[in-house]
Structure formats: C-alpha cells, structure tokens
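Step one of this worksheet: look at the structure below.
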C-alpha cells in the first residue's frame, strides 16, 4: 500500500506537500505511514509519523457510540460484534481500487445521489444501534 501511495504522490507532484493522512484504525495504516515517512526521510523531507497519522472522526464517533450503547445496556456485546463485522465487510473503501477514468467517476456519482433506505432501518444491526442512540439523544 505504501508503494502505491508514494507513487501516487509522485505522479501528482505532491512530494513534500503531504502533512498527514486521515484513516481508520487498521494497523496496516500505521505501517503505511511509517513507510511513507521513510521515503520522505530518504528525500530529505520532514514528515512526522506521530503527527502524520490522524484518525477518521466519523469512524471514531461510530466506535464511541457503540461502546456507549454497550455500557448503558442498549446494545449487547453480540450486537456490537455483529455491527463491527458488518462494517468491516462493507464497501466503503472500494474506491481505493476503482478506476481513475472519468467514466468510472460519473458512474459512481449516480449511485451517491440515490437514497440509502437501509441506512437507518431499525431491522438492521446498524439501524438498531442508530435507533437506540437517537432515543438517548432525544
């Protein structure tokens, strides 16, 4: 992954302009940032591994909300596990392997405009967690 990121940074003339990456909590992201820092160091570019690795706020909020729901008894450990399993198999990172061609971008744009009716359905595991969280907030 680090090789692909570095090649992309070089391709678009961004060497020396990257200050941080925003990512989820996957450990392979730590490895990627460390490798990126080594590449920067070899070119005499300052890049801080500790400051250059930022956590994705929506992902952090999601994990925090699941923990809150578990602690107050609104979500069982099994429901939490099922929620994490579902989110780890979802396609939110599919764009990393998508084509960079304009037609692929235009095709993807059409799907973003449609309503996601399954998002907050109380019958889905995530929907149930969102429903319970909304009850707490109100």
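The values are calculated or read from the model by the stated rules, or taken from the named source; none is laboratory data. None of these values were measured; they are calculated from a predicted model. So basically every Cβ, Gly included, is an ideal-geometry build from the backbone, and we count neighbours across all protein chains shown.
Yes or no: region 17-34 includes at least one residue that is on the phi > 0 side of the Ramachandran plot and surrounded by fewer than 16 Cβ atoms within 10 Å (Cβ to Cβ).
No, that holds for no residue.
Results for (1) in a helix (DSSP H, G or I); (2) at pLDDT 60 or above; (3) over 26 Å from residue 17 (Cα atoms), shown as yes or no for each residue.
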{"residue": "64", "(1), (2), (3)": "yes, yes, yes"}
{"residue": "84", "(1), (2), (3)": "yes, yes, yes"}
{"residue": "95", "(1), (2), (3)": "yes, no, no"}
{"residue": "104", "(1), (2), (3)": "yes, yes, yes"}
{"residue": "122", "(1), (2), (3)": "no, no, yes"}
